[in-house]
């Protein structure tokens, strides 16, 4: 699963603002500034050394319960479902026939997960007769008393007739998966004019038992057959192959989908809706893209690399894509980023784009999500984590696939940008949380869908690849997949595959990176004396709670234009290495391959950093040099470096340089401004043009109003939104006129930008616009939009905004997503100065809130 709401605490507590260029729900920071620095100064959180440690670091979590893998008493080997839907009540009417088998010990009782059902009938299905079964049910688990004890050699079947009522369940959910009711009806009665009617499911982690009875654990594995009876105008999608489609006398149609290879229950899915299906093929297997009809023309542009991805990973892993088909579908109001349901991947509607929106596409947007879910079909679907505590065996690999595909398709620089972004994401989370990747203890399953399981795990796999080499890395992955196919595993299986491949005991690597918390925090210094370079490496992390790491690493010593690479193994907390050098080196670069998952404070002079930029081996070294030189732009050599960076061939270097040139006051000011202006108006990349506009706006005494106004008509929504964000802080009559012309935009980015513009500069006349456009706002954008609405209402007479205030209150109380409830609450808070009576309402909303996350946010506000 692709998580979206990374850093949610910071997001939710921040002031409302528009992040221009970020498509709603994309999960990719399209057009944003480059990630937080990796190598700037000492570590953000450094406790005392182990010997002197007296305080528990803030990032050390409290002790959580032990969560072992579920004990398997009974196996669900096949699930056969026959379902239809009551749209008015939002119920699923189902009949389930489960084929069960005792795992080892004979069982006379079986416990099934079945959340919030009405159970109408439970019976044992035999060859000659059907026998009613005695059962008990507590609305969470259905306990069946069998007619006798069944040995493991004898399968048996039970039939359960039931009604699933997902909307009567607690919402649940987490930052990664914002609800947990399993089955979702979207606009079921067709009353929302701008939204299609759909039904879809989301099973991970254990929510599929909200719509069919099962043993909802990742170490179960079943084949399945799902018959869906739907209105004839709708398409259906489920796992596996469509084996029949039958028209019924009442005008409905029954589609039957069969998954012939076993999968964990959480990967079962169904989707119903009005879709256009755009088809590709890979090695004779269907590769289909289900999108709403208006987006059929761009579906191939969005998803079209999928067959190429299947080919690349099949060859790289030595295991052909093992499933019957590969389909992808976009659903409304999705509760996560995407989900790797076997052969039927679910995406949010962020993957549906217009031709104009395609201009703003970056690899970090939809394509990285698509490749993430493709790779899950080997790591997660084909071989599955045995317990949720082993989740990195699913998610770290899918995360690292984003790097592998970037490297293959777009080159080393794009892959290095992935590496930098992911590393910064983990290090940001590590300031407040450090856990082992493999967690035997945790509070809630959803806690595991964090930047550790994804970003840190992906970087650990990259280090493992660099250590053993490409041939051994992919040979070991092949061994892991072949030996463990169609099964559930724990981390020892991965270690064994690498040890059997390489012949080396790798316990040291797996222990320090998978089983212990934290990361190395390094101070690097070097000197030159008597024909030798000395390099000192200090590990300054708190080693009471984190290990002293063994770090294979490459150091490059540059003698004028000649680099020499040295492969080292750092094994101590304080270690010095010596290299021969005839002359004082131009640069000594630690971790010159950029492979370490570490926070590095590396001493380098200004001359060394300029040399590093000029001789960089890729994006990371250039970005690193610019990060450390950004406060030295008053000096001509540094200023020249940044101006040169504006013409670099890689777009992210240009964007990063622009970000660091904000508020520039160095030499040749006019020349720098002219260079930025040139980029803002002529660069081929919209992310770069957008950043250039923000940089122009940061210059004191700048007069670029005509440039901003012209950018409102840019072909790129990203650029237009950046111009709108700038004009919101410096409004003019012309800007208001052009902003008004955008009021009917279909772009989510511009819609949020306009809401922010009116929040700052609007009045009563924009109140009706906020109300009119509210139904068009994507659910993932409501957090910001509702706050902008509150900010606008704070500037108009209270008597005029009763309807808007009631809307905010309703969202704050009843919105399914907790981030939307918080956005509405923060919108109401902005009305307090003009409506003090709202204080009692806010206190009541806070008191009645049942979500612990929101309670914590409210207490901090």
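Among residues of region 645-678 being outside any helix (DSSP H, G or I) and modelled with pLDDT of 95 or more, the one that is surrounded by the fewest Cβ atoms within 10 Å (Cβ to Cβ) is 649. The residues of region 695-718 that are without any contact (Cβ under 8 Å) to a residue 40 or more places away in the chain, assigned to a helix (DSSP H, G or I) and within 24 Å of residue 653 (Cα to Cα), listed by number, are 695, 696, 697, 698, 707, 708, 711.
Residues in region 778-795 that are at pLDDT below 95 and surrounded by fewer than 21 Cβ atoms within 10 Å (Cβ to Cβ) were compared, and the one that is farthest from residue 817 (Cα to Cα) is 795.
Of all residues in region 402-431, those satisfying the criterion of being without any contact (Cβ under 8 Å) to a residue 40 or more places away in the chain and either surrounded by 20 or more Cβ atoms within 10 Å (Cβ to Cβ) or touching a strand residue (DSSP E or B) at 6+ places or on another chain (Cβ under 8 Å) (or both) are 415, 422.
Residue-level analysis places residue 350 outside the set of residues that are crowded, with 24+ Cβ neighbours inside 10 Å and not in a helix (DSSP H, G or I). The single residue among 459, 451, 495 that is free of Cβ contacts under 8 Å to residues at least 24 places away in the same chain and touching a helix residue (DSSP H, G or I) at 6+ places or on another chain (Cβ under 8 Å) turns out to be 495. Among the residues of region 509-516, are any surrounded by fewer than 22 Cβ atoms within 10 Å (Cβ to Cβ), within 30 Å of residue 478 (Cβ to Cβ) and touching a strand residue (DSSP E or B) at 6+ places or on another chain (Cβ under 6 Å)? No, region 509-516 contains no residue that is surrounded by fewer than 22 Cβ atoms within 10 Å (Cβ to Cβ), within 30 Å of residue 478 (Cβ to Cβ) and touching a strand residue (DSSP E or B) at 6+ places or on another chain (Cβ under 6 Å). In this structure, does residue 451 turn out to be surrounded by 18 or more Cβ atoms within 10 Å (Cβ to Cβ), modelled with pLDDT of 95 or more, within 17 Å of the chain's Cα centre (by Cα) and in the same structural domain as residue 504 (by TED's automatic domain parsing)? Considered against the rule, which asks whether it is surrounded by 18 or more Cβ atoms within 10 Å (Cβ to Cβ), modelled with pLDDT of 95 or more, within 17 Å of the chain's Cα centre (by Cα) and in the same structural domain as residue 504 (by TED's automatic domain parsing), residue 451 comes out as yes. The set of residues in region 436-449 being touching a strand residue (DSSP E or B) at 6+ places or on another chain (Cβ under 9 Å) and part of a loop (DSSP other than H, G, I, E, B) consists of 440 alone. Scan region 813-822 and tell me whether some residue there is buried (at least 21 other Cβ atoms within 10 Å of the Cβ), in contact with a strand residue (DSSP E or B) (Cβ under 9 Å, 6 or more places away or on another chain) and modelled with pLDDT under 95. Scanning region 813-822 turns up no residue that is buried (at least 21 other Cβ atoms within 10 Å of the Cβ), in contact with a strand residue (DSSP E or B) (Cβ under 9 Å, 6 or more places away or on another chain) and modelled with pLDDT under 95.
Scanning region 292-309 for residues that are over 21 Å from the mean Cα position of the chain (by Cα) and buried (at least 17 other Cβ atoms within 10 Å of the Cβ) yields 292, 295, 298, 299, 307. For region 792-819, the set of residues classified as within 31 Å of the chain's Cα centre (by Cα), within 20 Å of residue 843 (Cβ to Cβ) and in contact (Cβ under 8 Å) with a residue 40 or more places away in the chain consists of 818 only. Identification of strands (runs of 3 or more DSSP E) wholly contained in region 139-207 with 2 or more residues that are modelled with pLDDT of 95 or more and under 17 Å from residue 336 (Cβ atoms) yields 183-186, 198-201. For region 257-273, the condition holds for no residue, the condition being that it is outside the structural domain of residue 215 (by TED's automatic domain parsing) and assigned to a loop (DSSP other than H, G, I, E, B).
Residues in region 596-615 that are part of a loop (DSSP other than H, G, I, E, B) and crowded, with 19+ Cβ neighbours inside 10 Å: 596, 597, 598, 604.
The values are calculated or read from the model by the stated rules, or taken from the named source; none is laboratory data. As the structure is a computational prediction, the values presented were derived from the model and not from experiment. Cβ coordinates were reconstructed from backbone atoms using ideal geometry, including for glycine residues, and neighbour counts include every protein chain displayed.
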